[in-house]
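Computed from the coordinates by the stated procedures, all read-outs in this text should not be read as laboratory data. This is a predicted model, so every value here is computed, not measured. Cβ sites come from the backbone with ideal geometry, for glycine too, and all protein chains shown count toward neighbours.
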Amino acid sequence: MGELEGRTVVITGAARGLGAALATSLAEAGCNLVLCARNLAALEAVADGIASATGRRPACIAMDLAESESVRQAVDAITRAHEHIDLLINNGAMWLEARDEPLPVETVLGVINSAVTGTFLFSQGLLPLLRRSANPDIVTIGSVSGLANAMLDGVSVPFYAAKRGQTAIAEGLRQMLSGTPVRSIILHPPDLDDIQPGEPAWAEAPGRAKSARATNRDVVEAVLFAVTRPRNVSLSIVLDADHGGVFPG
Ligand SMILES: NC(=O)c1ccc[n+]([C@@H]2O[C@H](COP(=O)([O-])OP(=O)(O)OC[C@H]3O[C@@H](n4cnc5c(N)ncnc54)[C@H](OP(=O)(O)O)[C@@H]3O)[C@@H](O)[C@H]2O)c1
């Protein structure tokens, strides 16, 4: 039996991309999943794939991280359905690249509120359930854009600020939760190729040349590594790459 077998895991932004890859990989590791995103139909499609591969169907919850009432309702639904959760993965965020025109206020609010306000409120709301776990972890998916002195490199200023804020939330939680069993772990991925378990590119990813972009698989493996360290270790991991990394070539 694997170390993560039977753990209850909540993943935000699980409807596609890295969140879907995390969901499939953690399901294969024997975890029971709660998947969140705005698009319920896309979540259900991810859950269907997991159910046919593992026989266990993840729960799916529609939640808009940028809307505090939606976050509150999701926390309530998870609290009603689960006595505890073992792992919260704060993966959901709204991407926004730089553009020449001024950004609409709704877009700025969506980017900042989903990554910062939503990540904080969801983590705070689920803390009572995490505190009932024997192995409670919060993993936040940041970005190399969220590192101090990161290059803007084509990302919009609100996204850059949101990722810096998300980094501060993960680090603040780590300090706040010092002396409790709950760990706060953060990963900072570079630009990723969006590959999924089961695709040929997933099997081929470990053979990539150093000049190639990182992939979802690299982040999934870093998460699995981080959450299986001894409990006295809370990792912060920067995944750098020549292509799309801290100082992109
Ligand atoms: N891909 C990269 O190159 C890269 C690099 C560095 C860091 N990251 C980080 O890794 C994480 C995943 O990235 P990704 O590329 O896989 O993202 P993605 O393909 O854009 O998917 C984002 C996920 O988050 C959900 N989401 C977006 N806005 C949301 C909101 N307001 N409320 C709730 N859920 C929301 C989306 O579903 P709905 O639209 O249905 O809500 C989707 O499931 C993000 O935190 C991202 O910043 C990605």
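One table, with the values for the structure above:
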item	result
First in segment 68-91 and within 12 Å of ARG132 (Cβ to Cβ), second anywhere and of a type in the set (S, T, N, Q) and in a loop (DSSP other than H, G, I, E, B), Cβ under 9 Å, 6 or more apart	HIS84/SER133; ILE85/SER133; ASP86/SER133; ASP86/ASN135
Identity of the residue in segment 211-221, more than 12 Å from the chain's Cα centre (by Cα) and not hydroxyl-bearing (Ser, Thr, Tyr), that ends up farthest from THR140 (Cα to Cα)	ALA212
Any strands (runs of 3 or more DSSP E) falling wholly within segment 27-101 and containing at least 3 residues that are under 24 Å from LEU187 (Cα atoms)	32-37, 87-90
Unique match (being away from the ligand (no atom under 15 Å from the Cβ) and β-branched (Val, Ile, Thr)) among VAL227, VAL220, VAL155, VAL246	VAL227
